[in-house]
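To start, the structure under review is shown below, and the notes come after it.
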Amino acid sequence: MFNFDTSTDRQNSNSEKYTKRDKLFGTNDITPMWVADMDIDTPMFVLDAIKERLKHPVLGYESIPQSMYQAQISWLDRRYGAKFDTADMLYSPSVVASIGIAIEAFSDIGDNIIVQTPVYPQFFKSIKRYKRDILENPLIEKDDGSWIMDIKNLKSQINKKTKLLILCNPHNPVGRSWHKDELEQLLDVCIKNNIIVFSDEIHCDLVYTPHKHTVFSSIDDRAKDITVSAFGVGKSFNLAGLSTSTVAIQNKKIKNKFMEVYNKIHFPQGSILSCVAFETAYKYSDIWLEELKIHLWQNYISLKNLCDKYPQYIKITPIEATYLAWLDC
């Protein structure tokens, strides 16, 4: 059994959400909840692996071990049935960095890039940074507060300058774990219109029973041929400070285009300790993660029960995934 009810005080640890309280909110006397990380300790078996590596007295240049990628590939296969090879995998310091490369690789200045709103704000910032145009495909809020894709709207907005769709799967912030049939409809539209899909799957491990995560590229061979998949350990295992994620691209032509930009900007290849933490987390966290999800779900229910007492002031979106709460105040 793991204990998620107590954690180390982060207020004097350079934690971003704590150190910026006064700057952003004018006071330090608040509990910050604006950054998507957890106030729980990093798994001890991950910390132990880092300590073990630090017994070696040299921290010089190293290559990323293939075992790191193999650990993630095994994880994605046994948990989601998604099949990848080590040749498909690339290191990235963050999903947002990978989005930037995809925008540069698969579109030109003035092209349209689709986002399904409301969505993670960095999607907008990345598109604007590269001088592309945002094409919003708003989600539809149902009577029960849950959200669905508007495929009809998507079809009506696409034009010849639409080159890329950034999918949030599961979705931040509305907490949807997109069902396979929903993703299949999205896939059909993208195939018909020659649109590349960048699938941000960083929250994929935080899906609650009875819902199941579908890796977008695993839907069928058509999906493999148009998808850039992004995964990371930051959300699942509270390792965001190590700046380690991966991109998986199964189509060689698409991967080569991605690599042209990737190599041009000389992407860093990870740190020694981040590689150790990444591999250890994917090898040994199955039980830890399942217990964490129970804890997170109980937290959500507690928050929901509180919000439900004051329906005239606040409404909480029902969630299927993530540890984020989307509130209508």
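If you scan region 11-48, which residues turn out to be in contact with a helix residue (DSSP H, G or I) (Cβ under 6 Å, 6 or more places away or on another chain), under 15 Å from residue 238 (Cβ atoms) and in a loop (DSSP other than H, G, I, E, B)?
Scanning region 11-48 gives 35, 37, 43.
In region 312-327, which residues are of a type outside the set (Gly, Ala, Ser) and either buried (at least 18 other Cβ atoms within 10 Å of the Cβ) or free of Cβ contacts under 8 Å to residues at least 40 places away in the same chain (or both)?
312, 313, 314, 316, 317, 319, 320, 322, 323, 324, 326, 327
Are any of the residues in region 22-40 among the hydroxyl-bearing types (Ser, Thr, Tyr) and surrounded by 10 or more Cβ atoms within 10 Å (Cβ to Cβ)?
The answer is no, given that none of the residues of region 22-40 is among the hydroxyl-bearing types (Ser, Thr, Tyr) and surrounded by 10 or more Cβ atoms within 10 Å (Cβ to Cβ).
When you scan region 117-135, do you find a residue that is of a type outside the set (Lys, Arg) and touching a Cys at 6+ places or on another chain (Cβ under 7 Å), even just one?
Scanning region 117-135 turns up at least one residue that is of a type outside the set (Lys, Arg) and touching a Cys at 6+ places or on another chain (Cβ under 7 Å).
Do we have residue 293 as of a type in the set (D, E, K, R), within 15 Å of residue 42 (Cα to Cα) and not in a loop (DSSP other than H, G, I, E, B) here?
yes
How about region 1-46: which of its residues are closer than 25 Å to residue 298 by Cβ and basic (Lys, Arg)?
Once the filter is applied, which keeps residues that are closer than 25 Å to residue 298 by Cβ and basic (Lys, Arg), region 1-46 yields 10, 17.
Residue-wise test of (1) over 14 Å from residue 237 (Cα atoms); (2) surrounded by fewer than 11 Cβ atoms within 10 Å (Cβ to Cβ); (3) outside the structural domain of residue 238 (by TED's automatic domain parsing); (4) touching a Gly at 6+ places or on another chain (Cβ under 7 Å).
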{"position": "254", "(1), (2), (3), (4)": "yes, no, no, no"}
{"position": "257", "(1), (2), (3), (4)": "yes, no, no, no"}
{"position": "271", "(1), (2), (3), (4)": "yes, no, no, no"}
{"position": "293", "(1), (2), (3), (4)": "no, no, yes, no"}
{"position": "300", "(1), (2), (3), (4)": "yes, no, yes, no"}
{"position": "303", "(1), (2), (3), (4)": "yes, no, yes, no"}
{"position": "306", "(1), (2), (3), (4)": "yes, no, yes, no"}
{"position": "310", "(1), (2), (3), (4)": "yes, yes, yes, no"}
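Kindly evaluate residue 71 against the criterion of being touching a residue at least 24 places away in the same chain (Cβ under 8 Å) and closer than 25 Å to residue 324 by Cα.
In short, no.
Going by the structure shown, is residue 77 modelled with pLDDT of 95 or more, out of contact with any Asp or Glu (no Cβ under 9 Å at 6 or more places or on another chain) and part of a helix (DSSP H, G or I)?
yes
Within the group 103, 109, 134, 99, which residue is surrounded by 19 or more Cβ atoms within 10 Å (Cβ to Cβ), more than 16 Å from residue 172 (Cβ to Cβ), out of contact with any Pro (no Cβ under 7 Å at 6 or more places or on another chain) and aliphatic (A, V, I, L, M)?
None of the others qualify; the one that does is 103.
Of all residues in region 137-154, count the ones that are surrounded by 14 or more Cβ atoms within 10 Å (Cβ to Cβ), farther than 17 Å from residue 200 by Cα and in contact with a helix residue (DSSP H, G or I) (Cβ under 9 Å, 6 or more places away or on another chain).
4
Would you be able to say whether some residue in region 179-199 is within 19 Å of residue 147 (Cα to Cα), assigned by TED's automatic domain parsing to the domain that holds residue 233 and part of a loop (DSSP other than H, G, I, E, B)?
yes
Looking at region 239-252, which of the residues that are at pLDDT below 95 and outside any helix (DSSP H, G or I) is surrounded by the most Cβ atoms within 10 Å (Cβ to Cβ)?
The selected residue is 244.
What about residue 10, is it surrounded by 12 or more Cβ atoms within 10 Å (Cβ to Cβ), of a type in the set (Lys, Arg) and either in contact (Cβ under 8 Å) with a residue 60 or more places away in the chain or closer than 26 Å to residue 287 by Cβ (or both)?
Criteria met by residue 10.
The values are calculated or read from the model by the stated rules, or taken from the named source; none is laboratory data. Keep in mind that what you see is a predicted model, and the values were worked out from it rather than measured. Because the Cβ atoms are built from the backbone with ideal geometry, glycine has one as well, and the counts that use them run over all protein chains shown.
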